[in-house]
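Working notes, structure below.
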Amino acid sequence: MGTVAAHRHAGGMTTSTLTPARPTGSPTAADAHADTVASPRSMRAVAATSASLASTPSPTRAPSRSGLRTAADRIPLLALAAPLLLFSHGIVDWVDGLEGLDTLDGVGGLGGLAAAHDQGALSVAAGVLLVLSVGGFAWLTGTLGGRLRHFPLAVPAALLAAFGAGATGAVWIGHSTGLLGDTLPAALSSGGAVLTGVALAVVLIALTVEGRLPVGSLALAAAAVAVLLLPWGLTPLASLLLLIALAPLTREFDPS
């Protein structure tokens, strides 16, 4: 009887009292699955952030591109302003040469122009416009020469054009102040403008050879030079031809 009772007491023990408790800090299968799911997501987020940072333009490259664009934007303005200044010089010089204006006092105020001619105001204005025009062509020559790709003409053309503009200004100042007298040799009075024109012609020819300027523009520029050489005072017509010849440069010019 006592033996049977002892056996029943042992059989009444449950499995929960024999199984050791699982540590609370050990990872479960669900945690492992969550880690494997979250890890690729975090890697994709990091990759997206890196790609966005890589696509952001560097702030140090902006000034150089802006500098090139600013230099190229001067070309359309100079190609338009220089011929217009030359046209204005031709008109003022033509009016200054009209000796019979003093007989037309009552027609359209021409007597006022005659008075200005007597005081030399129109002569001064014509000289200022010529100096500004030659300076504009010299600046245009230097800017275009710096855009040549295959011909190292930037420095020689710029120096020649600048020398011509400086000579034109010096001759005008000497003539206005009386240091050079009233009559000057043609080679001295117009030599500076000729040098600037030669420098511009060389640059235009180089641009045409490189295919960046139409051949028709070069032909019109040559026609403008031929008109300027005629002894009939056709400077306004020559300046209009030159304005048409440089019209492709008044559009956006490729700085590369």
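Here, each number is a calculation from the coordinates, and none is a lab measurement. Worth saying up front: this structure is predicted, and the values here are computed from it rather than measured. Note that we place each Cβ from the backbone using ideal geometry, even for glycine, and neighbour counts take in every protein chain shown.
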A correct Stokes-Einstein calculation for segment 74-250, using the alpha-carbon Kirkwood radius, 4 °C and 1.567 mPa s, returns a whole-number D in µm² s⁻¹ of 76
Rounded to whole angstroms and listed largest first, the alpha-carbon spread of segment 141-233 along its three principal axes comes to 47, 30, 14
Here the gain from full extension of SER189 to THR177, 0.36 nm per residue of separation minus their alpha-carbon distance, amounts to 2.9 nm
The computed P(r) of segment 121-171 puts the percent of Cα pairs beyond 17 Å at 39
Taking a crude spin-label model, label points 7 Å out from Cα along the C-beta direction, the ALA223 to VAL209 distance in nm is 2.5
Sparse-neighbourhood loop hits (chymotrypsin sites (Phe, Trp or Tyr not before Pro), segment 158-234; DSSP loop; Cβ within 10 Å at most 13 others) -> TRP232
